[in-house]
Amino acid sequence: MKLTILGCYAATPRTFTNPTAQILDIQNRLFLIDCGEGTQVELRRNKIKFSKINHIFISHLHGDHFYGLVGLVSTFMLLNRTTDLHIYGPKGIKEIILLQFKLAGSYTNFGLFFHELTATESELIYEDKKVSVHTIPLKHRVYTNGFLFREKIGERKLNVVAVENYKIDTCYYQNIKNGKDITLDDGKIIENSQLTFDPMAPKSYAFCSDTVYNEAIIPIIENVDVLYHEATFLESEVEKSGTTMHCTAKQAATIAAKANVKQLILGHFSTRYDNIELFKEEAATIFTNVHLADDGKTFEL
């Protein structure tokens with residue numbers, strides 16, 4: 001699992017920072033999370049193939065989280081995309097995007113599917129053989145969700161030495177990796193545990209932006225490997241966090257500690273601050289394993 005930060009600053013884009021967008025790579029599946037203005041430029045800058053993005057998750061309908069979406073979809077059209085594209089976001093996102101295309105007399109030459117979200121409880125919104133995605137209901141000025149990505153347990157790892165010692169034909173290898181026992185020609189049954197190793201533990205990633213401090217999310221994100229949590233303000237501006245319904249770095253760290261997550265990544269920094277290291281220093285007083293997002297930064301989860 002690999003996370004690439006395309007943008008992680010609040011409100012307005014600048015010449016050297018971008019609003020929220022990130023790519024999560026799970027076993028060669030690319031998921032775009034939020035799509036602030038300039039996202040497609042940052043995709044190119046980070047050499048991420050547009051054609052590998054088939055699922056886009058939009059947390060809420062504030063411009064710094066989705067104003068880049070119509071431009072990205074338009075570019076997909078210009079690149080003669082044929083693969084279906086699925087967009088998950090709050091109710092209203094379909095109307096916004098399709099109205100822009102309608103007024104421009106432009107329509108996609110690929111399947112464009114909107115999955116509009118209205119639930120106020122966590123729900124499963126995407127699943128395949130390798131990953132599942134649930135919503136994380138957040139509290140902001142408009143309807144907002146975070147997203148919880150969980151890998152599924154993979155195949156068992158083949159113990160090549162053991163398999164060769166039993167002279168097992170290669171045609172049975174996939175069955176062995178699927179967890180099945182093997183019966184030899186003489187009728188002896190070899191248990192799967194003698195032929196394989198446990199698969200790697202599945203990883204989990206929770207994306208939470210934007211939200212006021214909200215302990216209700218703790219049961220949903222408990223024990224995740226990595227939590228990305230907004231930290232718009234420092235504690236010196238805690239009053240602004242309440243009125244704007246955002247969090248401070250200290251509040252984000254408190255959520256991470258109470259949810260027993262393994263690693264915290266802070267983002268969505270207000271551009272009023274010249275030194276984002278201050279966010280890490282503040283959060284570290286509550287939670288030790290804390291990192292700062294920044295445009296173009298990658299994390300191997």
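This model, with +1 at the C-beta of Lys and Arg and -1 at the C-beta of Asp and Glu, gives the stretch 240-301 a dipole about its Cα centre of some 300 debye.
Rounded to the nearest 10 degrees, the angle from helix 69-78 to the longest Cα principal axis of the chain is 60 degrees. Accessible surface for the chain, divided over its residues, is 48 Å² per residue with a 1.4 Å probe.
Its Cα gyration tensor gives the chain an equivalent ellipsoid, and the semi-axes of that ellipsoid, as √(5λ) in whole Å with the largest first, are 38, 26, 17. Normalising the average separation of contacting C-alpha pairs (under 8 angstrom, six or more residues apart) by the number of residues puts the relative contact order of the stretch 15-152 at 19 percent.
Taking 0.36 nm per residue of separation and subtracting the Cα-Cα distance, full extension of the segment from Val160 to His291 would add 43.3 nm. If R0 is 41 Å, the Cβ-Cβ spacing of Val41 and Glu215 corresponds to a FRET efficiency of close to 0.65. Compared with the dominant Cα axis of the chain, that is its longest principal axis, helix 93-103 is turned about 70°. Across the protein chains, with a 1.4 Å probe defining accessible surface, the residues Leu184, Leu148 rank Leu184, Leu148 from largest area downward. Could you state the angle between the C-alpha long axis of helix 249-258 and the longest principal axis of the C-alpha atoms of the chain, as a value from 0 to 90 degrees rounded to the nearest 10? Taking the Cα atoms of the chain, the angle to 249-258 is about 30 degrees.
For the residues His268, His62, His115, a 1.4 Å probe over the protein chains yields an accessible-area ranking, largest first, of His115, His62, His268. Measuring nothing but how far apart in sequence close Cα pairs (under 8 Å, 6+ apart) lie, relative to its length, the chain scores a relative contact order of 16 percent.
Of the whole protein surface, Val161 contributes about 100 Å² of accessible area at a 1.4 Å probe radius. Distance between the C-alpha centers of the stretch 187-207 and the stretch 77-149? Whole Å please. For the stretch 187-207 versus the stretch 77-149, the Cα centre distance is 34 Å.
Here the dipole of the stretch 166-301 is about 220 debye; that uses its Cα centre as origin and unit charges on the Cβ of Lys and Arg (positive) and Asp and Glu (negative). Ordering Cys35, Cys171 by accessible surface, largest first, gives Cys171, Cys35; the 1.4 Å probe counts only protein heavy atoms, with every chain in place. Simple point charges give the picture: +1 on the Cβ of Lys and Arg, -1 on the Cβ of Asp and Glu, and for the stretch 76-145 a dipole about the Cα centre of about 220 debye. So for the stretch 110-173, if I pair up every lysine 8 or more residues apart or on another chain, how many of those pairs have alpha-carbons under 24 Å apart? So the count works out to 5. Taking 0.36 nm per residue of sequence separation and removing the Cα-Cα distance, the Thr298/Lys152 pair yields an extension gain of 50.3 nm.
Each helix, a run of at least 4 DSSP H residues, gives -39500 (n - 2.57); summed and divided by the residues of the chain, these come to -6000 deg cm²/dmol at 222 nm.
The values are calculated or read from the model by the stated rules, or taken from the named source; none is laboratory data. On a predicted model such as this, the values are computed, not experimentally measured, just so you know. Here Cβ is always computed from backbone atoms with ideal geometry, including for glycine, and neighbour counts include all displayed protein chains. Remember, those area values only see protein heavy atoms, side chains included, never the ligands or the DNA or RNA. Shrake-Rupley method; radii C 1.70, N 1.55, O 1.52, S 1.80 Å.
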